[in-house]
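Have a look at the structure below, then the notes.
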Amino acid sequence: MSESNESGADSLLQLNGVSIFYDRIQAAWDVTFSVREGSVTALLGSNGAGKSAIMKAITGILPVGKGTIMFEGLDMESISPHRRVELGISLVPEGRKVFPELSVQTNLELGAYCSRARRTLKATLKEILEIFPVLAERRRQMAGSLSGGEQQMLAIGRGLMARPRLLMLDEPSLGLAPVMVQRVFEVIERIRAQGVTILLVEQNVRHTLRVAEMAYILETGRVTLQGSGEELLNNPHVKKAYLGL
């Protein structure tokens, strides 16, 4: 589903010393991390840690007060949110935010609004419905009639309709039953296997560290720990603060 990166650069996304503000309130301080192409990279932390602010800054919804965001070596400072989607950055926001009075298929098709995605809309739609058979079964239903877990699958599918190089998932398991949480993480692994790079923001630390090659812990807007998923699963601070061990 992902398009190839001819440059061969290992790091698809790089944040260097990024600080972010909501008006006068600072949400992130000097955040530096990278996302390797083809990987699942996680941002973990409690509510208010600055995770969603970072995602919004990457999409261009929030301005960067200091530092740089580089995507495929291109400085994003002057790149509009719309252009960032064209470049291959797609965000699945927290809370799903599907259009409840539109059909499942229409919701998916709306994800392909950028020009390069429109060119392959039919083929991409077929791929998405193969990944999410429940959406294929209910493609004519109104999105608002789906369960919470089904709506989350729809939101992820809509994000994939943009044919992203980088798919950013903001709290995809939030509020879901345990069986659907497991399904979400199975889908994440399947998407990664198809070549899509994933930046995952999650509070479900245990599941996330099991699928993430690299993870960063955010606390009060700062990166305080980083390492592979396996390393952080075995980190004493992570065990105590996030896993209850």
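The values are calculated or read from the model by the stated rules, or taken from the named source; none is laboratory data. This is a predicted model, so every value here is computed, not measured. Here Cβ is always computed from backbone atoms with ideal geometry, including for glycine, and neighbour counts include all displayed protein chains.
Could you please give the count of residues in region 135-154 that are out of contact with any Gly (no Cβ under 9 Å at 6 or more places or on another chain) and surrounded by fewer than 24 Cβ atoms within 10 Å (Cβ to Cβ)?
Here the count works out to 13.
Of the residues in region 163-189, how many are of a type in the set (K, R) and over 14 Å from E150 (Cα atoms)?
2
What are the residue pairs meeting all of these: first residue in region 128-139, first residue within 11 Å of E150 (Cβ to Cβ), second residue surrounded by 18 or more Cβ atoms within 10 Å (Cβ to Cβ) and among the acidic types (D, E), Cβ atoms under 8 Å, and 6 or more apart or on different chains?
Pairs that qualify, where the first residue is within 11 Å of E150 (Cβ to Cβ) and the partner is surrounded by 18 or more Cβ atoms within 10 Å (Cβ to Cβ) and among the acidic types (D, E), are V134/E150; L135/E150; R138/E150.
Yes or no: region 142-150 includes at least one residue that is closer than 18 Å to S103 by Cα and in a loop (DSSP other than H, G, I, E, B).
For region 142-150, residues closer than 18 Å to S103 by Cα and in a loop (DSSP other than H, G, I, E, B): present.
In the list I61, I25, which residue meets the criterion of being under 30 Å from Y242 (Cβ atoms) and either in contact with a helix residue (DSSP H, G or I) (Cβ under 8 Å, 6 or more places away or on another chain) or touching a residue at least 60 places away in the same chain (Cβ under 8 Å) (or both)?
Being under 30 Å from Y242 (Cβ atoms) and either in contact with a helix residue (DSSP H, G or I) (Cβ under 8 Å, 6 or more places away or on another chain) or touching a residue at least 60 places away in the same chain (Cβ under 8 Å) (or both) holds for just one of I61, I25, which is I61.
What do you reckon, is E150 closer than 30 Å to I25 by Cα, acidic (D, E) and modelled with pLDDT under 95?
no
Cβ-Cβ distance below 7 Å, separation of 6 or more or different chains: which pairs start in region 180-195 with a residue that is basic (K, R) and end on one that is not in a helix (DSSP H, G or I)?
R192/V40; R192/I198
Look through A155, A123, A162 and report the one residue that is without any contact (Cβ under 8 Å) to a residue 60 or more places away in the chain and of a type outside the set (D, E).
So the residue among A155, A123, A162 that is without any contact (Cβ under 8 Å) to a residue 60 or more places away in the chain and of a type outside the set (D, E) is A123.
For residues that are under 24 Å from N47 (Cβ atoms) and free of Cβ contacts under 8 Å to residues at least 60 places away in the same chain, scanning just region 67-103, find the one that is nearest to the chain's Cα centre (by Cα).
Checked region 67-103; the qualifying residue nearest to the chain's Cα centre (by Cα) is R96.
Taking region 220-245, which residues are within 14 Å of T41 (Cα to Cα) and in a loop (DSSP other than H, G, I, E, B)?
S228
Please find, among E101, E77, E109, the residue that is surrounded by fewer than 16 Cβ atoms within 10 Å (Cβ to Cβ) and within 30 Å of A136 (Cα to Cα).
Step by step, each of E101, E77, E109 is checked, and only E101 is surrounded by fewer than 16 Cβ atoms within 10 Å (Cβ to Cβ) and within 30 Å of A136 (Cα to Cα).
Looking at the structure I just gave you, is E130 exposed (fewer than 14 other Cβ atoms within 10 Å of the Cβ) and outside the structural domain of D170 (by TED's automatic domain parsing)?
Judged against the criteria, E130 is a match.
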